Each structure stands twice: as structure tokens, then as C-alpha cells.
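Peer 1: For reference, the structure I am asking about is given below.
The values are calculated or read from the model by the stated rules, or taken from the named source; none is laboratory data. Source: prediction; values computed, not measured. Glycine gets a Cβ as well: all are built from the backbone with ideal geometry, and neighbour counts include every protein chain shown. All accessible areas refer to the heavy atoms of the entire protein, side chains included, with ligands and DNA or RNA removed. Shrake-Rupley method; radii C 1.70, N 1.55, O 1.52, S 1.80 Å.
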Amino acid sequence: MDTTVVNTDAKEKVWGGGNQPLNASYGKLMMWFFIVSDALTFSGFLAAYGFSRFKFIESWPIADEVFTHVPFLHGQEHPMIYVAFMTFVLIMSSVTMVLAVDAGHHMNKSKVTFYLFLTIIGGAIFVGSQAWEWATFIKGDHGAVQTRGGNILQFVDADGHRVKLADFVMAGTHDRTVHESKIGLWYVSEGTLPTYTIDEVVAGFEAHPELSIRTQLLDEHGHKTILSRDESLKQLKTNGRKIVEGANLKVNEYGTSLFADFFFFITGFHGFHVFSGVVINIIIFFNVILGTYERRGSYEMVEKVGLYWHFVDLVWVFVFTFFYLV
Amino acid sequence: MAHAHKLSILRGTIKFKNVTQKIWGVLILLTIITAIEVVLGIYKPESLKAHFIGMKILNWIFIFLTVVKAYYITWDFMHMRDETASLRRMVVWTAVFLICYLIFILLQEGGYIESVYTSGFVKRDF
């Protein structure tokens, strides 16, 4: 007994709802409608990312230098490894979902329960990994200086490896404290103050002759341009304005702030989809345990939710390519 | 849900005995493709950095492999292979047309603005 489909045998009533040209239930068709519209939303975001990237094609951050961290391996650089793991987890949870749908076709309640449970675990691991990745990105690892024009200057040693601000800058005593609305102008507030001032960074840079500055610009081999020592000093003294540690919606120590904005927006929107997918999966999971679909005589609800879950996986495949690979 | 499942992938090159086996087969295929992507992404071979229609060959390879993955997720995990041809075309061609249109317009415009920035007396290095 299918509650969503009205089965009439009148084949001639094409406009009366009696005919099923697509041979799919109402619920499944509506899920496909939703998926197509959601796919267009995501492609709007990704195409906007492509737009900004083409706009700043010669100064875009290199993803391999940004996402190099793996949990529990401090200070080591392993580009791609953790994202590859996340991708695999999501594909794997897609597989358990499709196995649950298949078990549903055979009306096998215990198997549906087991595979749905695995799917929920996979989704939870993925959302957790994404939260960790966000936290690492927000915290940053090396620190940089922003110029008047909003460009990012990073510090490298003689071999071209990036150097942390903490490794060459001495923090002095600062009189300036964070301005809070309760102690001054009530309509003005500010975020956390950086650890160092720009003068301390200049002093530290002068004291370490092996350091030079790396700009955002890419050379013809796709590497970031490294300035000579004299040019570095000149650039830092005339244009350096602000210390940047980590990334947020306004600044980003890895390069243009648009990169961070799109990262937060697109992976955030995707992460929200995964999160709602996990919630819906949990609801379905309890319905399966309670025997709702057993009594209904069809596990089609698992199939519909499965469609959504696979779609989330599908979107991640594209986010993975355009954020981490290309 | 009595309709039959089509059990072969890669245009009939690989055939499976049942649905469960097909699912594991597709998982292996997707894992291999992802592994190729990751290895290429880590090592970035110099020979694939030549440009072809505005982009590196390596990037074209990534995009091609991604579309292949998307095909198998939609066709086998979302059961598109077993739906009627009209449902399949409604969903796939609508999305493909609109997405290609959107991407073309935005990337074209992005490239134009980039050319204004680099050759149009806009100072950015300060």
C-alpha cells in the first residue's frame, strides 16, 4: 500500500492524474525537483568562486599551502591527505545508505537499521572533520602582514619556507587594550588585538637578515613571488599596516580575503546540508526501529532520504575538486 | 519496488550478479578515481601544466574525473540508471544546460575584469 500514489487503471485519463509517465511516486519526484534546484544553488556559489578566482587569477592562494594539516600530526605538512580522508568517509556513508535502500527493497528491517546507523556515524565523522578544518583555518599557522592596499605579505627564510611571526618577532609591552563598548563609545567595538605591533615586526625582520618577503603574486611557474632583501624591507616599511593571524571574513593570512569568504560560505553551506542530512537520517532511523515503514509496507522513505544523502555526497565531490584540487 | 535493476557499469564491460555487488563495485571505482585525483594533486606533474583552452591540462583532468564520479553517484547510488528515460533527461539536461550557461557567463566576466585590472591602469600593489 503506497500512501502517496493514487493507482487508477484508467490509462486514457492522461490529464486526470491516472497515468504515470515517469513511473515514480510523487514523493520521489518532489525530491528530484528539490535536488535540481539545490544543485543550481550550489553551482551558483561555485561559479561565483570561479568568477572571483578568474578575476584574481595571478594572486589566488595555493590550496596545497593552506590545507596541510592532519589531526595529531603537529607541525607536519601533508596537503590533501585529510580532505581525501573526508571524501572517502562521505562516499563510504553513501555506500551504506544505498545498501540500506537495497535492504529496504527486500523488507529486511534489521539490515536497514544497521546500514542507516553506519550512515549516521559516517555523516557525524564528516561534520566533525569539517569543524576541525574550520578551526585550523581560523587559527592560522604562520601569521602575515597586510598592506595598505589589502595585499598579504608573508615571511620566508633563505630556502623559501614560511616562517612564523613568533619565530622572529619579540613582543614588547603593549599599553593598548581591547576596546569594549562598555568602557568607551557604546556603538564602537573591535575584535581581538594581534599579538604584535607592526613596529615590532619591522624590528624583528631587520634583526634577521636571512628573512625575506613573499607576495601574493604568482610567477609563471605558479609559485609565489619572493622579493629580494632590499625590496622586502622597503615594502614592509612603506606599505605594511596590519598584523594578520589566521583567517576570518575580513582578512586571511594566506592571501585574498575572498578565498576565506568563499571557503566559509561554500563549505559552511555544504556542512549545513550534511548536518541536516544526519538529523533526517536519525529521524528515519528511529522510524525504522519503531517499525513505521514495516507497517506501511514500503521503505520508500529511506529511498527518498537516500536521494538527498547521495546529493550531499555529489556536491562534496565538486567542492573537493574546485577548492582543493584545481 | 518491483522494477528491475540494470546491473552492468562502464557500458556493459563489468557485469554484476546482484545490486549489493554492483554497489561495492562502484565504490571501488570511485575510490580509484579519488586516489588518482589525490596523487595528481600532491605531485602536480610538470608535464601536465601546459595550457589548453585557458586552463592547465591538469585542471581539465580533475574536472573530467569529477564529472565521471558525479555520473556514477547519480546513476548507481541515486538509481538514475533504473528510472525512465524521460525522468532522467528532465533532471540531467536541465541542470547541465543551466550550470554550463552560468559557468560560461561568470568565468567570461571574471576574465574580462582581470584584463581590466592588469592593463587598465588600476593600481593594486600598494
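Peer 1: Among the GluC sites (Glu not before Pro) in the stretch A:158-246, which ones are in a DSSP loop with at most 13 other Cβ atoms within 10 Å of the Cβ? Mind listing them? Walk me through the numbers on the way to the answer.
Peer 2: Numbers: sites: A:180, A:190, A:200, A:206, A:210, A:220, A:231, A:245; in loops: A:180, A:190, A:210, A:220, A:245.
Here the sparse-neighbourhood loop sites are A:180, A:190, A:210, A:220.
Peer 1: Can I ask one more? May I ask you to list the chymotrypsin sites (Phe, Trp or Tyr not before Pro) in the stretch A:233-318 that are in a DSSP loop and have at most 10 other Cβ atoms within 10 Å of their Cβ? Mind showing how you got there, number by number?
Peer 2: Values: sites: A:254, A:259, A:262, A:263, A:264, A:265, A:269, A:272, A:275, A:285, A:286, A:293, A:299, A:308, A:309, A:311, A:316, A:318; in loops: A:254, A:299.
For chymotrypsin sites (Phe, Trp or Tyr not before Pro) across the stretch A:233-318 that sit outside H, G, I, E and B with at most 10 neighbouring Cβ atoms in 10 Å, the list is empty.
Peer 1: Cross-link candidates for residue A:111: which lysines have Cα within less than 19 Å, leaving aside residues fewer than 8 places away along the same chain?
Peer 2: A:304, B:22
Peer 1: Please report the relative contact order for the stretch A:144-244, taking Cα pairs under 8 Å with a sequence separation of at least 6, and give it as a percent rounded to a whole number.
Peer 2: Values: 144 pairs, mean separation 38.1, N = 101.
Relative contact order, the stretch A:144-244: 38 percent.
Peer 1: Against the longest principal axis of chain B, how steep is helix B:57-72, in degrees 0 to 90 to the nearest 10, with axes from Cα atoms?
Peer 2: Once rounded, one gets 30 degrees.
Peer 1: Using a ≥ b ≥ c from the Cα gyration tensor of chain B (square roots of the eigenvalues), is it rounded, prolate or oblate, where a/c under 1.5 gives rounded and otherwise the larger of a/b and b/c decides, a/b for prolate? Write down the numbers at each step before the final one.
Peer 2: Numbers: a/c = 3.93, a/b = 1.85, b/c = 2.12.
Oblate, because a/c is 1.5 or more while a/b does not exceed b/c.
Peer 1: Whole number please: convex hull volume per residue, Cα atoms of the protein assembly as shown, in Å³.
Peer 2: Details: hull volume 91.8 nm³, N = 452.
Dividing the Cα hull volume of the protein assembly as shown by its residues yields 203 Å³.
Peer 1: Then there's this: Name the residues of the stretch A:44-61 whose accessible area falls by at least 30 Å² when all protein chains are present instead of the chain alone, probe 1.4 Å?
Peer 2: Relative to the lone chain, where solvent access is computed with a 1.4 Å probe, the stretch A:44-61 loses at least 30 Å² at A:47, A:51, A:54, A:55, A:56, A:58.
Peer 1: Shifting gears a bit: Longest exposed-loop-site-free stretch of chain A, with trypsin sites (Lys or Arg not before Pro), DSSP loop and at most 13 other Cβ within 10 Å?
Peer 2: Values: sites that count: A:11, A:13, A:148, A:164, A:176, A:182, A:250.
My reading of the result: A:14-147 is the longest stretch.
Peer 1: Which aspartates and glutamates have a Cα less than 20 Å from the Cα of residue B:6, not counting those fewer than 8 places away in the same chain?
Peer 2: Leaving aside aspartates and glutamates fewer than 8 places away in the same chain, those within reach of residue B:6 are A:102, A:300, A:303, B:76, B:82, B:83.
Peer 1: I'd like the interface area for chains A and B: accessible area of each alone minus the complex, both sides summed, 1.4 Å probe, protein heavy atoms only. What is it in Å² to the nearest 100?
Peer 2: Details: alone 18180 and 10090 Å², together 23310 Å².
Roughly 5000 Å².
Peer 1: Here's something else I'd like to know. Would you mind telling me the share, in percent, of accessible area of the protein assembly as shown contributed by carbon and sulfur at probe 1.4 angstrom? Don't skip to the end; give the middle numbers.
Peer 2: Details: 15190 of 23310 Å².
Carbon-and-sulfur percentage of accessible area, whole number: 65.
Peer 1: With the contact rule set at Cα under 8 Å and sequence spacing of 6 or more, what percent relative contact order holds for chain A?
Peer 2: 24 percent
Peer 1: Let me ask you something else. May I ask which of A:224/B:123; A:28/B:15; A:234/B:44 have a Cα-Cα span longer than 30 Å here? Present the calculation step by step, with values, prior to reporting the outcome.
Peer 2: Values: A:224/B:123 19 Å; A:28/B:15 27 Å; A:234/B:44 34 Å.
Those over the limit are A:234/B:44.
Peer 1: While we're here: Could you give the nm distance between label points at residue A:188 and residue B:108, where each point is 7 Å from its Cα heading toward the beta carbon?
Peer 2: 4.8 nm
Peer 1: Something else now. Rounded to whole Hz and in sequence order, give me ³J(HN,Hα) for the stretch A:112-119 from the Karplus expression 6.51 cos²θ - 1.76 cosθ + 1.60, θ = phi - 60°, writing x for Gly and Pro.
Peer 2: After applying 6.51 cos²θ - 1.76 cosθ + 1.60, I find 4, 4, 4, 5, 5, 4, 4, 4 Hz.
Peer 1: Could you work out the Kirkwood radius for the stretch A:144-244, taking every pair of different alpha carbons, averaging 1/r and inverting it, reported in Å? Don't skip to the end; give the middle numbers.
Peer 2: Numbers: mean 1/r = 0.0673 Å⁻¹.
When all Cα pairs of the stretch A:144-244 are included, the Kirkwood radius is 14.9 Å.
Peer 1: Contact order normalised by length for the stretch B:1-82, with contacts defined as Cα pairs under 8 Å and 6 or more residues apart; what percent is it?
Peer 2: Values: 42 pairs, mean separation 26.1, N = 82.
Relative contact order for the stretch B:1-82 comes out at 32 percent.
Peer 1: Give the average, rounded to an integer, of partner chain Cβ atoms located within 10 angstrom of each Cβ in B:65-74. Walk me through the numbers before you get to the answer.
Peer 2: On the way: counts 3, 7, 3, 1, 8, 6, 0, 1, 9, 5.
Average neighbour count from other chains, rounded to a whole number: 4.
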